[in-house]
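Student: Quick one: the structure is below, and I'll ask about it shortly.
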Ligand SMILES: [Mg+2]
C-alpha cells in the first residue's frame with residue numbers, strides 16, 4: 001500500500017455512473033418498470049385481473065434499484081434529490097403495501113402449477129405465493145424518511161425500533177477511531193445490509209449506500225465488499241452488482257466468496273478454475289436448469305436464493321424462510337440433486353455439497369494446504385490481496401462480518417497484519433467467542449443498522 005494518505009474530510013467527488021438505466025413510462029404506470037437494455041422478463045408482470053405477479057414484483061424492485069442509484073449519486077454529490085425519483089419510490093412503497101395479505105404475508109401471483117403447497121387459486125387460474133416484505137417495505141420507508149427529512153430524522157426513526165442504537169454506536173465509533181484503514185473488508189448480508197428473504201430484491205437502500213461510500217472515502221485506502229452471492233446475475237438469481245447501488249470507484253465488489261470481482265475501475269477478474277472442473281460445473285448447471293423446467297419445479301427457482309450460478313459454485317434454494325415448500329418436497333429435491341452429483345462426480349473429488357436447510361450449495365473444490373477443500377473467504381482475502389495489490393501487510397485493516405463463514409476472512413487478515421480490527425454483527429455468544437478467539441479485542445454490533453450508522457455518521 002502506498003504511504004501517501006489523503007486528507008480526511010469530504011468524500012471525493014463521485015463521477016456519474018453512466019450505467020444507470022434510463023427510466024421511461026412503463027406499461028403498468030411505473031416510470032421505473034421499463035429498463036433500457038434490460039433482459040426480457042419471463043412471465044407477465046400482472047395477471048389478467050391486474051394482480052402483481054412474482055415476476056412483476058422483481059421487475060418493480062429492479063426499477064427501485066435504478067432510481068436508488070440516481071438518488072444515491074445526487075446525495076453524494078451534494079445535489080438536490082429529484083422530486084420525481086422520490087415520488088417513484090413512494091409509489092413503489094404504496095404498491096407493495098397495497099398487496100393482499102394473508103397471515104402477515106404479502107400475496108403475489110405465480111403461474112398455475114408452479115405455486116407453493118399452501119396455495120389458493122384465484123379467478124384467473126393463478127396460485128398465490130406469500131412473501132415476507134419486511135426488508136423491501138422497511139428499507140423504502142427508511143429511504144423516504146432520509147430523503148424527505150434528512151440524516152438526523154433517519155437516525156431517530158431507526159432508534160425508535162433500536163433503543164440501544166445511540167449507546168452502541170458511541171462505543172463502536174470509539175473502537176473504529178480516527179484510523180485510516182489500509183483495507184476494509186466487509187461481508188454484505190447481515191453485516192452492513194439488513195437480511196432480506198429474497199436475494200434478488202435485497203436492493204441496497206440509499207442511506208446505506210451513502211453511509212458506506214462516505215466511510216470508504218474518509219477512512220479507507222481500499223474497501224472490499226465480499227459476499228457469497230454471485231457477482232452478477234447470469235440467471236434469475238440476481239447478483240451483487242444487481243443489488244448494489246453505490247457508485248463505482250469506492251468498493252471492490254467480490255462475489256462467489258471472492259472467486260470473482262469487479263475492481264474500482266470496473267475491470268472484472270476471477271480466481272482461476274481448472275478447465276475440467278469448469279466444464280463439470282457447467283454440465284451440472286444445465287442439468288439443474290432442466291430440472292427446474294419440469295412441471296411444478298419452477299418454484300424452486302423463485303423462492304429464497306433461487307438458482308444462482310456463481311463462479312465456482314452453484315446455489316439452489318430448496319426452502320425459503322417462510323417455509324413455502326412442504327418438507328417432503330424440499331427433501332425430495334435435495335436427494336435428487338445429491339443423486340445428480342454422484343452421477344456427475346462419482347469419486348466426489350471435484351464437487352462438494354453443503355446443505356443449509358434452505359439452500360443446496362454445490363462448490364468446486366480447491367487445493368488447500370492439507371488437501372482438497374472448499375474455497376472460503378480466507379482464500380478470497382489471500383487471492384484479492386495479491387491480485388489487486390491491496391498491500392494489507394501495512395495495515396491497519398478492518399474486517400466486518402456476521403456469521404461463521406466470515407471467520408476465515410478475519411483469520412486471513414490477521415495473518416497478514418496484526419494491526420487488524422474487527423466488528424461482528426451478532427448477539428450469538430458462541431460466535432462472539434469464536435471471534436474473540438481470533439481477535440480478543442474485537443467489537444460487536446447488534447444489527448447492521450447500528451454498524452452502518454456508526455461508519456457513516458459517527459466514525
Ligand atoms: Mg452475512
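Student: Given 0.36 nm per residue, what is the gain on full extension from residue 44 to residue 369 after removing their alpha carbon distance, in nm?
Tutor: Once the chain is fully extended between residue 44 and residue 369, it gains 112.0 nm.
Student: Once fully extended, how much extra length lies between residue 264 and residue 349, figured as 0.36 nm per residue of separation less the alpha-carbon to alpha-carbon distance?
Tutor: 27.1 nm
Student: Obtain the nm distance between the two label points defined at residue 387 and residue 149 by a simple spin-label model: each point lies 7 Å from its Cα along the Cα-to-C-beta direction.
Tutor: If labels sit at residue 387 and residue 149, their model points lie 4.4 nm apart.
Student: Please state the relative contact order of the chain as a whole percent: Cα pairs under 8 Å, 6+ residues apart?
Tutor: In percent, rounded to a whole number, it is 15.
Student: Hey, what number do you get for the chain at 222 nm if only DSSP H runs of n ≥ 4 count, each worth -39500 (n - 2.57), divided across all residues, to the nearest 500?
Tutor: Calculated from helices alone, the mean residue ellipticity at 222 nm is -11500 deg cm²/dmol.
Student: Once every Cα of the chain carries one equal point scatterer and solvent is ignored, give the base-10 log of I(q)/I(0) from the Debye formula at q = 0.08 Å⁻¹, two decimals.
Tutor: Log10 of I(q)/I(0), two decimals: -0.47.
Student: Would you mind telling me the antiparallel percentage of the DSSP bridges in the chain, rounded to 5?
Tutor: That works out to approximately 60 percent antiparallel.
Student: If I stretch the segment between residue 434 and residue 87 completely, what's the gain in nm (0.36 nm per residue apart, minus their alpha carbon distance), one decimal?
Tutor: That pair, residue 434 and residue 87, stretches by 120.4 nm at full extension.
Student: Return the ratio Rg/(2.2 N^0.38 Å) for region 275-372, where Rg is computed over Cα atoms only.
Tutor: After normalising by residue count via 2.2 N^0.38 Å, the value is 1.07.
Student: Could you let me know the centre-to-centre spacing of region 187-214 and region 256-278, using Cα atoms, in angstrom?
Tutor: Comparing the Cα centres of region 187-214 and region 256-278, I get a distance of 22 Å.
Throughout, read-outs are computed from the coordinates displayed, never taken from laboratory work. All figures in this text were calculated on a predicted structure; none of them were measured in a lab. Every residue, glycine as well, gets a Cβ built from its backbone with ideal geometry; the counts of neighbours run over all protein chains shown.
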